[in-house]
Amino acid sequence: MTIPFICVFLAFLLTFLSKGPVALAMAHQPRGYDNRHPRDQQAALAGWGRRALAAHLNSFEAFPAFAAAVLVAAAAGADPVWTSRLAIGFVVARALYLPLYIADLHLLRSAVWTIGLAATVGLFVLPLLT
């Protein structure tokens, strides 16, 4: 398996690992984790729990475009070194995004989000440059 494909798998895992802080915030609610109505409980979260939920949902929003971009770069025979660099950059950015969002470091979070987006765009554009 190539590095970019491993990065797709890691990004996929991050979408589900990002649920951990959300579940923790839900468990700290007065009635604990509500497994019967988790979306209702998530909608009522505040503070860091609400930010954790937003980061979790954003992980699902960012993943499809990234996965498609890696597939496009691979199918088009884009430079493998740059494809790997951009894929790794995306995964690192997304790994940093979650704690920055939860910690309410909004400017750093937005910068990291932009890096992840730029990596995805770069993967789509890379075949045009080779």
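The values are calculated or read from the model by the stated rules, or taken from the named source; none is laboratory data. No experiment lies behind these values; they were computed from the predicted model shown. Here Cβ is always computed from backbone atoms with ideal geometry, including for glycine, and neighbour counts include all displayed protein chains. Accessible surface areas use protein heavy atoms only, side chains included; no ligands, DNA or RNA. Shrake-Rupley method; radii C 1.70, N 1.55, O 1.52, S 1.80 Å.
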Tabulated pairs, the stretch 30-57, first closer than 20 Å to Ala95 by Cβ, second open to solvent by 20 Å² or more (accessible area, probe 1.4 Å) and among the acidic types (Asp, Glu), C-beta under 9 angstrom, 6+ apart or interchain: Trp48/Asp104; Arg51/Asp104
Which listed residue, of Phe124, Phe90, is open to solvent by 30 Å² or more (accessible area, probe 1.4 Å) and either modelled with pLDDT of 95 or more or of a type in the set (D, E, K, R) (or both): Phe124
Number of the condition not met by Arg51 [criteria: (1) open to solvent by less than 30 Å² (accessible area, probe 1.4 Å); (2) part of a helix (DSSP H, G or I)]: (1)
Residue count, the stretch 18-47 (criterion: among the acidic types (Asp, Glu) and exposed (fewer than 13 other Cβ atoms within 10 Å of the Cβ)): 1
